[in-house]
Amino acid sequence: MFNAEIPSFVNEAFEAGSISPAQYDSLLANGWRHFGTYFFRYNLMVYEGGIRQVMPLRIRLADFTPSKSQRRVLRRNFDVDVTIGPFNITPETHDLFERHKRRFKSGVPNSIYDFIARDAESSPTELFEITVRNNRRHVAASFFDLAECSVSAIYGCFDPDETTRSLGIFTMLKVIDYAASLGFEFYYHGYAYEGSSFYDYKKGFSGLEQFDWQGNWKTLTE
């Protein structure tokens, strides 16, 4: 794993109703993320009683190859139906979100709209959704948006009764495949923490790079 001296504290945010694809690429490349119109970046976080460095992560798609465990996840979900298209929040989506959030013991979100815009007109970026159904039952949804050269994950939820399917990893793999097929260069899949944490699943991908908070992306080997 890449280790660097923690730089000065970074905690920045702004609101934007519209961001061009090129501007969004630049923001992502400098450690920014967003929920709806709220854009933010921060490099330190309190986790389990200690201060951790935040690790913005991305996958260089040309260097990605699924691991053995990831190939097993794909095989395990051979029987589901997957669709990708512009996001569309339905009553099914709200029901799935309510089931998913029961997994959390703290920091429980109020609504899916804590993370995404209510409609395409109020989204500052081009927002897409991957939907997974098993026998027509909505079991997973993941939201991501498009920049000029990059795809960025926003939020994902899945049915807690289907944990053996590893649907969070499955939807990530399907978005990676989708982004690579369209010729995108990077998949930004969120933040993790330095050291062990709940977010370690984000580190388990080949082609992985970490932002060092000094303007550079370095190869991250787990």
Output the number of the condition that Lys68 fails; it satisfies all remaining conditions of (1) surrounded by 12 or more Cβ atoms within 10 Å (Cβ to Cβ); (2) within 21 Å of Ile169 (Cα to Cα); (3) of a type outside the set (Val, Ile, Thr).
(1)
Under 6 Å between Cβ atoms, at least 6 apart or on separate chains: pull out the pairs that start in region 191-217 with a residue that is assigned to a loop (DSSP other than H, G, I, E, B) and end on any residue that is among the β-branched types (Val, Ile, Thr) and modelled with pLDDT of 95 or more.
Phe205/Ile59; Ser206/Thr65; Gly207/Ile59
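For Phe205, are the conditions met, namely being surrounded by 14 or more Cβ atoms within 10 Å (Cβ to Cβ), modelled with pLDDT of 95 or more, closer than 15 Å to Arg60 by Cβ and over 14 Å from the mean Cα position of the chain (by Cα)?
Numbers: surrounded by 14 or more Cβ atoms within 10 Å (Cβ to Cβ): yes; modelled with pLDDT of 95 or more: yes; closer than 15 Å to Arg60 by Cβ: yes; over 14 Å from the mean Cα position of the chain (by Cα): no.
So Phe205 fails the test.
Check Leu57, Leu27 and return the single one that is in contact with a strand residue (DSSP E or B) (Cβ under 9 Å, 6 or more places away or on another chain) and either without any contact (Cβ under 8 Å) to a residue 60 or more places away in the chain or among the aromatic types (Phe, Trp, Tyr) (or both). Before you say what the answer is, go through the steps one by one.
Details: Leu57 fails: either without any contact (Cβ under 8 Å) to a residue 60 or more places away in the chain or among the aromatic types (Phe, Trp, Tyr) (or both).
Selected residue: Leu27, the only one of Leu57, Leu27 that is in contact with a strand residue (DSSP E or B) (Cβ under 9 Å, 6 or more places away or on another chain) and either without any contact (Cβ under 8 Å) to a residue 60 or more places away in the chain or among the aromatic types (Phe, Trp, Tyr) (or both).
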Has region 93-116 got any residue that is closer than 26 Å to Leu182 by Cβ, touching a residue at least 60 places away in the same chain (Cβ under 8 Å), assigned to a loop (DSSP other than H, G, I, E, B) and out of contact with any Lys or Arg (no Cβ under 7 Å at 6 or more places or on another chain)?
yes
Identify, please: which residue in region 10-53 is buried (at least 18 other Cβ atoms within 10 Å of the Cβ), touching a Gly at 6+ places or on another chain (Cβ under 8 Å) and more than 19 Å from Phe144 (Cα to Cα) and is, among those, modelled with the highest pLDDT?
Asn43
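The values are calculated or read from the model by the stated rules, or taken from the named source; none is laboratory data. Remember, it's a predicted structure, so these values are computed and weren't measured experimentally. All Cβ positions, glycine included, derive from the backbone under ideal geometry; neighbour counts span all protein chains shown.
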